[in-house]
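Below: the structure, in structure tokens.
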Amino acid sequence: MIIIATVDVKCYFYPQTKTVKNYGLGLGGHQLYRYQAYCRTFQLEYTYRDYQAGIKEQVIKRAMNN
């Protein structure tokens, strides 16, 4: 018996799921995804938190408040 699981992955750049496909593994060993319409790649998991979406804005906000 083969069980196949599907996961709808939304692209960070464009909120669509139909044209997002697996694209191998990143340097940290996490799954890469590719948004085919615009040839952009992204990951859902990162080894280092610094590369996650929204972290740059948090760092700038904290720097401005201190």
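The values are calculated or read from the model by the stated rules, or taken from the named source; none is laboratory data. Nothing here was measured: the structure is a model prediction, and the numbers come from that model. Every residue, glycine among them, receives a Cβ derived from its backbone with ideal geometry; neighbour counts consider all protein chains shown.
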- Query: Do we find a residue being in contact with a strand residue (DSSP E or B) (Cβ under 6 Å, 6 or more places away or on another chain), assigned to a strand (DSSP E or B) and modelled with pLDDT of 70 or more anywhere in region 9-17?
  - Reply: no
- If Ile60 satisfies every condition in (1) touching an Asp or Glu at 6+ places or on another chain (Cβ under 8 Å); (2) modelled with pLDDT of 80 or more but one, which is the exception? (1)
